[in-house]
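The values are calculated or read from the model by the stated rules, or taken from the named source; none is laboratory data. Here the structure is a predicted model, which is why all the values come from computation and not from measurement. Reconstructed Cβ throughout: ideal geometry from the backbone, glycine too, with neighbour counts over all protein chains shown.
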Amino acid sequence: MASPPPTVLHAEAAPAVDLLTVPQVMTRLQLGRSAVYDLLRTGQLSSITLGRARRIPTHALADFIRTRLDQEAA
């Protein structure tokens, strides 16, 4: 009898986190640079810092938009 193959975890099994630059977020939200940095500074939009570079996870942008839509609907 052959034993079943061992379970192998692949790096791609973990969900990938896409990171956006501030200019990319500016384009998607159609806002200026100062407005995007204000959202980051006030904590309305989450980000991470890699060295001197600021990156916004796509899920953080989606959460921000969803929250704003829910606020508008209320």
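Computed quantities for the displayed model
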| read-out | value |
| --- | --- |
| Which listed residue is under 13 Å from the mean Cα position of the chain (by Cα), β-branched (Val, Ile, Thr), surrounded by 12 or more Cβ atoms within 10 Å (Cβ to Cβ) and part of a helix (DSSP H, G or I), from Ile56, Ile65 | Ile65 |
| Test result for Leu39, assigned to a loop (DSSP other than H, G, I, E, B), surrounded by 11 or more Cβ atoms within 10 Å (Cβ to Cβ) and at pLDDT 95 or above | no |
| Count of residues meeting criterion [free of Cβ contacts under 8 Å to residues at least 24 places away in the same chain and exposed (fewer than 12 other Cβ atoms within 10 Å of the Cβ)] in the stretch 13-26 | 5 |
| Matching residues, the stretch 14-59, being small (Gly, Ala, Ser) and under 22 Å from Gln71 (Cβ atoms) | Gly32, Ser34, Ala35, Gly43, Ser46, Ser47 |
